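Notes to accompany the following structure.
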Amino acid sequence: MENPYIPFLMRIEDVILETEDRKIKTFVLAFISDKDRNHFAYIPGQFAEVSVFGKGEAPFGMASTPTTPEYLEFSVSTIGVVTGALHSLKKGDTVGVRGPLGNGYPLEKFKGKNLLLIGGGFGFSTLRSLTNYILHDRNRSAFKDLTIIYGARKPGLLLYKDDLAVWRGRHDLNLHLTVDQEAEGWQGHVGLVPTITKTVAPNHQNTFAVVCGPPIMMKFTLPVLKDLGFNDEDILFSLEMRMKCGIGKCGRCNVGSKYVCSDGPVFSQSELAKLTGEAHF
Ligand SMILES: Cc1cc2nc3c(=O)[nH]c(=O)nc-3n(C[C@H](O)[C@H](O)[C@H](O)COP(=O)(O)OP(=O)(O)OC[C@H]3O[C@@H](n4cnc5c(N)ncnc54)[C@H](O)[C@@H]3O)c2cc1C
Ligand code: FES
């Protein structure tokens, strides 16, 4: 059996500066070995541990989709040692990767359902993965209506501008972008994500809501979804606890009796309420 702590190597194919404050970059990584590419079968919502040699490793959700198996993409916000070291790397450099890890979004349960995806910050990365997966020609007919509510403090902090432009042009997706305050030239919503969710008021029937973003955003979105009639089973959150091993061995990331790394990071509100009581953000 292979050692799960040993990363395989990937080459940085491209580095995309996502935000005007230069804090979030997307790293496009190419597999060096065919064997590693074939082993890395993942679904949206899963994550991987990415290592910078000599610095350490950190977990990041896959921003790419399994429908483009040649590359993995990770959108990294620079806040500390590993993320800072990643930001200093260039095209052609090599990083280590362990994964795929975690449960990911329950795609089988999503089939035949409407989906409401609500995101903010780098948490939107796995929702981008899910969106592009659903929009793929091979998959679109398996899912019903797709509504996205995505917010940033200001327009220059929204990620994936090329994707957003493509999504705006599609008729099989309801896209609601929001920024915290009025900005010159901005034509989307203005207001915080929970407020805009209330305004958009998506129908809860036959719908899963998936929420991924800063804890404060998730905390204030939950009561809005409940008021709109969503059941706890149909509200999913993706958690971003601090982690170490990523494979359920070290006990660093528990929520109640579960490990976020191996039982999650995606949990329904009903699971979280049982594990922690109502207050888990
Ligand atoms: C499942 C999962 C998916 C994630 N996906 C992404 C992603 O797509 N993009 C992304 O940019 N980040 C993501 N993160 C968060 C990312 O792993 C951390 O930002 C990273 O580990 C920080 O490493 P560092 O060495 O740069 O920071 P450190 O030097 O270790 O810490 C710097 C500061 O950040 C704080 N910090 C570190 N990790 C976290 C954390 N998880 N939550 C809150 N505060 C923290 C520390 O307390 C410290 O104050 C994800 C985390 C998890 C668990
Ligand atoms: S990070 Fe080690 S158990 Fe989850």
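So, in the stretch 193-212, of the ones that are crowded, with 16+ Cβ neighbours inside 10 Å and of a type in the set (A, V, I, L, M), which residue ends up farthest from the chain's Cα centre (by Cα)?
Val200
Test of understanding: among Leu107, Leu164, which residue is within 18 Å of Thr26 (Cα to Cα), out of contact with any Lys or Arg (no Cβ under 6 Å at 6 or more places or on another chain), surrounded by fewer than 21 Cβ atoms within 10 Å (Cβ to Cβ) and of a type in the set (A, V, I, L, M)?
Exactly one of Leu107, Leu164 is within 18 Å of Thr26 (Cα to Cα), out of contact with any Lys or Arg (no Cβ under 6 Å at 6 or more places or on another chain), surrounded by fewer than 21 Cβ atoms within 10 Å (Cβ to Cβ) and of a type in the set (A, V, I, L, M), namely Leu164.
Out of (1) assigned to a helix (DSSP H, G or I); (2) closer than 20 Å to Val28 by Cα, the odd one out for Leu159 is which?
With respect to (1) assigned to a helix (DSSP H, G or I); (2) closer than 20 Å to Val28 by Cα, Leu159 is out only on (1).
Report the residue count in the stretch 26-59 for those that are under 20 Å from Leu107 (Cα atoms) and surrounded by 14 or more Cβ atoms within 10 Å (Cβ to Cβ).
Residues meeting the conditions: 8.
State the number of residues belonging to the stretch 75-103 that are touching a Ser or Thr at 6+ places or on another chain (Cβ under 6 Å), under 23 Å from Ile6 (Cβ atoms) and surrounded by fewer than 19 Cβ atoms within 10 Å (Cβ to Cβ).
Of the residues in the stretch 75-103, 1 are touching a Ser or Thr at 6+ places or on another chain (Cβ under 6 Å), under 23 Å from Ile6 (Cβ atoms) and surrounded by fewer than 19 Cβ atoms within 10 Å (Cβ to Cβ).
Among the residues in the stretch 111-118, are any more than 16 Å from ligand 2 (Cβ to nearest atom) and assigned to a helix (DSSP H, G or I)?
Checked against the condition, which is being more than 16 Å from ligand 2 (Cβ to nearest atom) and assigned to a helix (DSSP H, G or I), the stretch 111-118 yields no hits at all.
Only residues that are in a loop (DSSP other than H, G, I, E, B) and farther than 20 Å from Asn132 by Cα: list them for the stretch 24-58, please.
Within the stretch 24-58, Ile32, Ser33, Phe53, Gly54, Lys55 qualify.
Per-residue answers, yes or no, for (1) under 22 Å from Glu240 (Cβ atoms); (2) within 17 Å of the chain's Cα centre (by Cα); (3) modelled with pLDDT under 95; (4) assigned to a strand (DSSP E or B):
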site	(1), (2), (3), (4)
Ile12	no, no, no, yes
Arg22	yes, no, no, no
Phe60	yes, yes, no, yes
Ala63	yes, yes, no, no
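Residues are listed down the side, and each one gets a yes or a no for (1) closer than 23 Å to Met62 by Cα; (2) open to solvent by 20 Å² or more (accessible area, probe 1.4 Å); (3) within 16 Å of ligand 1 (Cβ to nearest atom):
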{"position": "Gly191", "(1), (2), (3)": "no, no, no"}
{"position": "Pro214", "(1), (2), (3)": "yes, yes, yes"}
{"position": "Leu222", "(1), (2), (3)": "no, no, no"}
{"position": "Leu225", "(1), (2), (3)": "no, no, no"}
{"position": "Gly229", "(1), (2), (3)": "no, yes, no"}
{"position": "Leu236", "(1), (2), (3)": "yes, no, yes"}
{"position": "Arg242", "(1), (2), (3)": "yes, yes, yes"}
{"position": "Gly256", "(1), (2), (3)": "no, yes, no"}
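May I ask you to list the residues in the stretch 222-268 that are in contact with a Cys (Cβ under 8 Å, 6 or more places away or on another chain), within 7 Å of ligand 2 (Cβ to nearest atom) and not small (Gly, Ala, Ser)?
Met243, Lys244, Cys245, Ile247, Arg252, Cys253, Tyr259, Val260, Cys261
Checking Leu72 against (1) within 16 Å of ligand 2 (Cβ to nearest atom); (2) open to solvent by less than 40 Å² (accessible area, probe 1.4 Å); (3) not charged (D, E, K, R), which test does it fail?
(1)
Just wondering, is there one or more residues in the stretch 7-22 that are within 16 Å of ligand 2 (Cβ to nearest atom) and either more than 16 Å from Asp93 (Cβ to Cβ) or open to solvent by 20 Å² or more (accessible area, probe 1.4 Å) (or both)?
Checking the stretch 7-22: at least one residue is within 16 Å of ligand 2 (Cβ to nearest atom) and either more than 16 Å from Asp93 (Cβ to Cβ) or open to solvent by 20 Å² or more (accessible area, probe 1.4 Å) (or both).
Here is a check on your reading of the model: is Thr147 more than 13 Å from ligand 1 (Cβ to nearest atom), crowded, with 20+ Cβ neighbours inside 10 Å and either in a strand (DSSP E or B) or touching a residue at least 40 places away in the same chain (Cβ under 8 Å) (or both)?
no
The values are calculated or read from the model by the stated rules, or taken from the named source; none is laboratory data. Given the structure is predicted, the values throughout are model-derived calculations rather than measurements. FYI the Cβ positions are ideal-geometry reconstructions off the backbone, even for glycines, and counts take in every protein chain you see. To get the accessible areas, we keep the full protein, side chains included, count just its heavy atoms, and leave off ligands, DNA and RNA. Shrake-Rupley method; radii C 1.70, N 1.55, O 1.52, S 1.80 Å.
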